[in-house]
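Undergrad: Handing you this structure, nothing more for now.
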Amino acid sequence: MTLPDRARVVIIGGGVGGTSIAYHLVNRGWRDVLLVERAQLTSGSTFHSAGLVGQLRSTLPLTRLMMDSVALYGRLKDETGIDIGWRPVGSLRLASSRARMEELERQAGWGTSFGLPLELVSAEEARRRFPLMVTDNVLGAAFLPSDGYLDPSGLALALAEGARRGGARIHEGVRVTSLEVSRGGAHRVVTDQGSVETDVIVDAGGIYAPEIGAMAGVSVPIIPMAHQYLLARIAEPIPDDLPTMRDPDLLVYFRRDANGLVMGGYERNPAPWGLSGIAADFNNRLLPEDWPRFEPLSQNAIARVPPLERGEVVKLINGPEAFTPDNEFILGESPVRGFFVAAGFCAHGIAGAGGMGKAMADWIIDGEPGLDLWKMDLRRFGGQYASQAYTLARTVEVYSTYYDIHYPNEERQAGRPLRLSPTYPRLKELGSAFGEKSGWERPNWFAPNAVEPDGQRPSGWAAQHWSPAIAGEHRATRERAGLFDETSFAKIEISGPGALRFLQALCDNDLDHPVGSITYTQMLNQRGGIECDFTVTRLGKARFFIVTGTAFGNHDLAWMRRHQPTDGSVLIEDVTSSRACLGIWGPRARDIVQPLTDTDLSTAAFPYLTARSLAVGMVPCLALRVTYVGELGWELYCPTEYGMQLWDTLWKAGTPFGMVAGGYRAIESMRLEKGYRVWSTDITPDDNPYEAGLGFAVRLNKSIDFIGKSALAKAKEDGIRRRLRPLILADPASITFGDEPVKVDGRVAGRVTSGGFGYTIERSIAYAYLPLACKPGSQAEVQVFSRWVPATVASEPLYDPAGERIRA
């Protein structure tokens, strides 16, 4: 077959990822779809995948991808005539320790929130379902009846057949040699059999995805890992409906395979592969068997399933799988317009292929995936992941701890320290317990601030990665003052003659205010969902300064650049690294800063939500009177080289007032009391501002229409059916972390978006979207692990409801 000269979309890669995207694109009505595969369909990682399909993930959107996959797999044979070997036999996940049982209890809560029938069962019931196992040390298990397994190659071939029937063209034996990029977009795919002009390119290349991305100048942070599993025949009878089984404490998994078992796992000493490049002829090939590396997993498997010791080894499969630095897929549009990535499936691409293909098709056609996929979004990775050494360190850590219990607020250790604030030496001297976000070292708390709070030590998992210093810093800021290094905040400047019109067309609030004004706003998608959430300071007639979350800078930049005019009227610059930021807040903040500057800091001269250029001591600063903790104070931005001097100046001035150095965990506690939202948890692309309680920041009547306005206006007209509400738990020691189910009148009515402890109100706080009928005073229950804790819907903000302290 001859390659066409043009196609609307070209998909590179013929595994389950590429074929699923092609299948869903034609289902959406696109016919001019071309898929090219360098060898044969399924000749990459697909053909040697173990084929397990598990649905429960740590967030609702990710779980929905898996649930969409299962729904597709159940009908694909009838639709295409190709048997994918789908066996919905259910899955077991064992717990061999009390901590692991608590993990299963938490996951059972997720299942309730997400609508999955996850059931906690006894060790005896687990053995009844999987009679080949022994129950030594097993305390219980989780059973999900709709999970299962399938034939990965059959799945890819069925998806390809469905795509062909819809009009897609699939060409095997076509090697991509280069991509042509111009004017910020991808326009042509060049192969060894000719070139194809196109509007959209999809990199679904699996372990080759980084090589393909590099052709477009896009970094795709993937490390191939040699993943092994065993095929064995055993003499004991195997039930036809034997569920898949995972024993994370022993690092192994099992499933039925004809008259035997598949057994694999995740060893502590993983084997990265292909770091110096992958041979051009590595197709339909496996790696040599590595028995010494597999031996510990083999012994663990025998301990749980003794018949394996007497079984016959058929083959040890050793094949490279594409893993990412955080063990989640890489999806979405890159900074190169029209160049999409769908790769890094981390050995669970079979489970997610169906839902992933649908989301990617929606993303390509509609410009949005239709649900919140931030956890999988390519834009979550910063520039540091262009380094293979950094990507390798993070990926090895993720793989080697794949089955570990990951407590909330856990900090990864690989590749640290990397990005340092100019105050880092001072923070270290003061006893900072550092966390990491987007490569930045940031203080979580300062050990010397620890004062054991009476009756406020959290119970259970909340006591992990916690310190009484959090309470000390919270209270000191509320009572006196706290000094916080916020240099890691992402900072963006928008300038040019078209800057105001550009921002007005993206933001739901009105930004046409005098120079020096600060506006809190969101940017919305076409559905009215919240894509970005930040403050905008007007520095000049045609110059604006945006401050957003540390982890969201790449995301927000990409959203704005996607809508940037091509006439040169708008300049978008990432200025994060050029400016340090220190936040000083608390009732004594003005007393500390005023003697250091000639600028009048009184409320009359410098009101809330305004900005001034001033000097603090010898340091030139841009001072923003804003707060994320609910107290009087300022964010002080200075050129990075002045950051150390600014800290020293403020520290010397604040010490007599009892000011403390504070960390991000104290900020989190204070922002919960004030009800300040966090994008990606409390507010997402699936939530509109009215539902989120942010209607005060919406200006439907401003002179310029903005993206999402029509959807927002319709939502308002139709009536909001749910609202983000704070809940006060009756038990102060029961702390929520997110996604716990919330019951109202005995029925699940919502799930927790974020939670924690408020050290001023001395209560456990949880936020959840609840039906509009759940007004303040309504009663509810929140499932904290296996216990339903009574809770009361409260009015917000919980602290300083009149906002007197921030305007003092």
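Undergrad: Which one of A692, V742, M215 is farthest out on the positive end of the charge dipole of the chain, using unit charges on Cβ (Lys, Arg +1; Asp, Glu -1) and the Cα centre as origin?
TA: So the residue furthest toward the plus end is A692.
Undergrad: Take the solvent-accessible surface of the protein heavy atoms, probe 1.4 Å, and return the percent of it on the chain that carbon and sulfur atoms account for.
TA: 50 percent
Undergrad: Normalising by the residue count of region 1-152, find the relative contact order in percent from Cα pairs under 8 Å and 6+ residues apart.
TA: Value for region 1-152: 26 percent.
Undergrad: Same structure again: Which of L275, F339, G415 sits farthest toward the positive end of the charge dipole of the chain, with +1 on the Cβ of Lys and Arg and -1 on the Cβ of Asp and Glu?
TA: Going by the Cα projections, it comes out as F339.
Undergrad: Given the -39500 (n - 2.57) contribution per DSSP H run of 4+ residues, what per-residue ellipticity at 222 nm results for the chain, rounded to the nearest 500 deg cm²/dmol?
TA: It comes out at -7000 deg cm²/dmol, rounded to the nearest 500.
Undergrad: Let me ask another. Points 7 angstrom from Cα along the Cβ direction at K702 and H465: gap in nanometres?
TA: Distance between label points: 3.6 nm.
Undergrad: Hand me the chymotrypsin sites (Phe, Trp or Tyr not before Pro) from region 587-687 located in a DSSP loop with no more than 15 other Cβ atoms within 10 Å, in residue order please.
TA: For chymotrypsin sites (Phe, Trp or Tyr not before Pro) across region 587-687 that sit outside H, G, I, E and B with at most 15 neighbouring Cβ atoms in 10 Å, the list reads Y608.
Undergrad: Another question, then. Could you list, in their original order, any pairs among K375/K743; K358/K437; K77/K375 whose Cα atoms are separated by more than 28 Å?
TA: Beyond 28 Å: K358/K437; K77/K375.
Undergrad: In Å², and per residue, what accessible area does the chain have when probed at 1.4 Å with the other protein chains present?
TA: Heavy-atom accessible area per residue stands at 36 Å².
Undergrad: Please list R527, R188 from largest to smallest accessible area, probe radius 1.4 Å, with all protein chains kept in place.
TA: R527, R188
Undergrad: Roughly how big is region 531-675's charge dipole about its Cα centre, with Cβ charges of +1 (Lys, Arg) and -1 (Asp, Glu), in debye to the nearest 20?
TA: Value, rounded to 20: 180 debye.
Undergrad: Using Cα pairs under 8 angstrom and six or more residues apart, how large is the relative contact order of region 346-476, in percent?
TA: Reported as a whole number, the value is 16 percent.
Undergrad: Normalising by the residue count of the chain, find the relative contact order in percent from Cα pairs under 8 Å and 6+ residues apart.
TA: Reported relative contact order: 12 percent.
Undergrad: For V121 and Q413, what is the calculated FRET efficiency with R₀ set at 41 Å and r taken between the beta-carbons, to the nearest 0.05?
TA: 0.70
Undergrad: Also, I was wondering about something else. Please arrange S703, S669 by accessible surface area, largest first, computed with a 1.4 Å probe and ligands excluded.
TA: S703, S669
Undergrad: Hey, can you grab everything whose amide H is under 5 Å from the amide H of I683? Only 5+ residues off in sequence or another chain; H modelled, so Pro and N-termini drop out.
TA: V678
Undergrad: Search the structure for amide H atoms under 5 Å from the amide H of V616, placed 1.01 Å from N in the peptide plane, and list their residues when 5 or more places away or on another chain.
TA: Correct list: C621.
Undergrad: Right, here's the next one. Taking the Cα centre as origin and putting +1 on Lys and Arg beta-carbons and -1 on Asp and Glu beta-carbons, what dipole magnitude results for region 657-808, to the nearest 20 debye?
TA: 320 debye
Undergrad: How large is the charge dipole for the chain, taken about the Cα centre, if only the Cβ atoms of Lys, Arg (+1) and Asp, Glu (-1) carry charge, to the nearest 20 debye?
TA: 1120 debye
Undergrad: Let me ask something else. Each residue of region 591-604 in order: what ³J(HN,Hα) in whole Hz does its phi give by Karplus 6.51 cos²θ - 1.76 cosθ + 1.60, θ = phi - 60°, with x for Gly and Pro?
TA: In residue order, the calculated couplings are 4, 7, 7, 4, x, 8, 9, 7, 6, 5, 9, 5, 4, 5 Hz.
Undergrad: K437's amide H: which non-local residues (gap 5+, or another chain) put their own amide H closer than 5 Å, with H modeled 1.01 Å from N in plane and none for Pro or chain starts?
TA: R442
Undergrad: What spacing in nm lies between the two simple spin-label points modelled at I761 and L420, each 7 Å away from Cα in the Cβ direction?
TA: 4.0 nm
Undergrad: Turning to a different aspect of this structure: Which FRET efficiency, nearest 0.05, do K541 and Q779 yield, Cβ-Cβ r, R0 60 Å?
TA: The formula returns an efficiency of 0.70 here.
Undergrad: Now for a different question. Could you tell me which of Q456, G439, Q504 has its Cα farthest along the dipole of region 413-535 towards the positive end, charges placed at Cβ (Lys, Arg +1; Asp, Glu -1), taken about the Cα centre?
TA: Checking the options against the dipole of region 413-535, the answer is G439.
Undergrad: Ok, one more. Report the trypsin sites (Lys or Arg not before Pro) located in region 700-805 that are in a DSSP loop and have at most 13 other Cβ atoms inside 10 Å of their Cβ, or state none.
TA: Listed in order of number, the matching sites are R721.
Undergrad: Quick check: pseudo-label points 7 Å beyond the Cα along Cα→Cβ at T681 and E309, how many nm apart are they?
TA: In this crude label model, T681 to E309 measures out at 4.6 nm.
Undergrad: Taking θ as phi - 60°, what are the ³J(HN,Hα) couplings along region 787-803 by the Karplus curve (6.51, -1.76, 1.60), each to the nearest whole Hz, with x for Gly and Pro?
TA: Values, residue by residue: 10, 8, 9, x, 8, 10, 5, 10, 7, 10, x, 6, 10, 6, x, 7, x Hz.
Undergrad: Not counting ligands, DNA or RNA, and with a 1.4 Å probe, what is H187's accessible surface area in Å² rounded to the nearest 10?
TA: 60 Å²
Undergrad: Also: Compute, for F47, the solvent-accessible surface of its heavy atoms (probe 1.4 Å) with the complete set of protein chains present, and express it in square angstrom to the nearest 10.
TA: Around 60 Å² of this residue is reachable by solvent.
Undergrad: To make sure I understand the rule: partners must be lysines, Cα under 27 Å from the Cα of K702, and not fewer than 8 residues away in the same chain. Which ones qualify?
TA: K702 reaches K491, K541, K714, K716.
Undergrad: Counting only DSSP beta bridges with both residues in the chain, tell me the antiparallel percent, nearest 5.
TA: That works out to approximately 85 percent antiparallel.
Undergrad: Loop only per DSSP, at most 11 neighbouring Cβ atoms within 10 Å: give me the GluC sites (Glu not before Pro) in region 118-205, ordered by residue number.
TA: Those that pass, being in a loop and sparsely packed, number zero.
Undergrad: For D136 and D5 in one chain, what is 0.36 nm times their gap in residues minus the Cα-Cα distance, to one decimal in nm?
TA: Full extension from D136 to D5 adds 40.9 nm.
Undergrad: To continue, here is another question. Which FRET efficiency value, to the nearest 0.05, is calculated for R128 and R501 with the Förster distance at 56 angstrom and r the Cβ-Cβ distance?
TA: The calculated FRET efficiency here is 0.25.
Undergrad: Just reorder V53, V451 by solvent-accessible area, largest first, 1.4 Å probe, all chains present.
TA: Highest to lowest solvent-accessible surface, that is V451, V53.
Undergrad: Considering only C-alpha atoms, what is the centroid distance from region 179-207 to region 235-271, in Å?
TA: A separation of 40 Å, based on Cα centres.
Undergrad: Moving to a separate point now. Provide the solvent-accessible area of L76, counting protein heavy atoms only and rolling a 1.4 Å probe, rounded to the nearest 10 Å².
TA: 0 Å²
The values are calculated or read from the model by the stated rules, or taken from the named source; none is laboratory data. A quick note: this is a predicted structure, and the numbers were derived from the prediction, not measured. Cβ atoms come from the backbone with ideal geometry, glycine included; neighbour counts cover every protein chain shown. The area values use the complete protein model at the heavy-atom level, side chains included, leaving out ligands, DNA and RNA. Shrake-Rupley method; radii C 1.70, N 1.55, O 1.52, S 1.80 Å.
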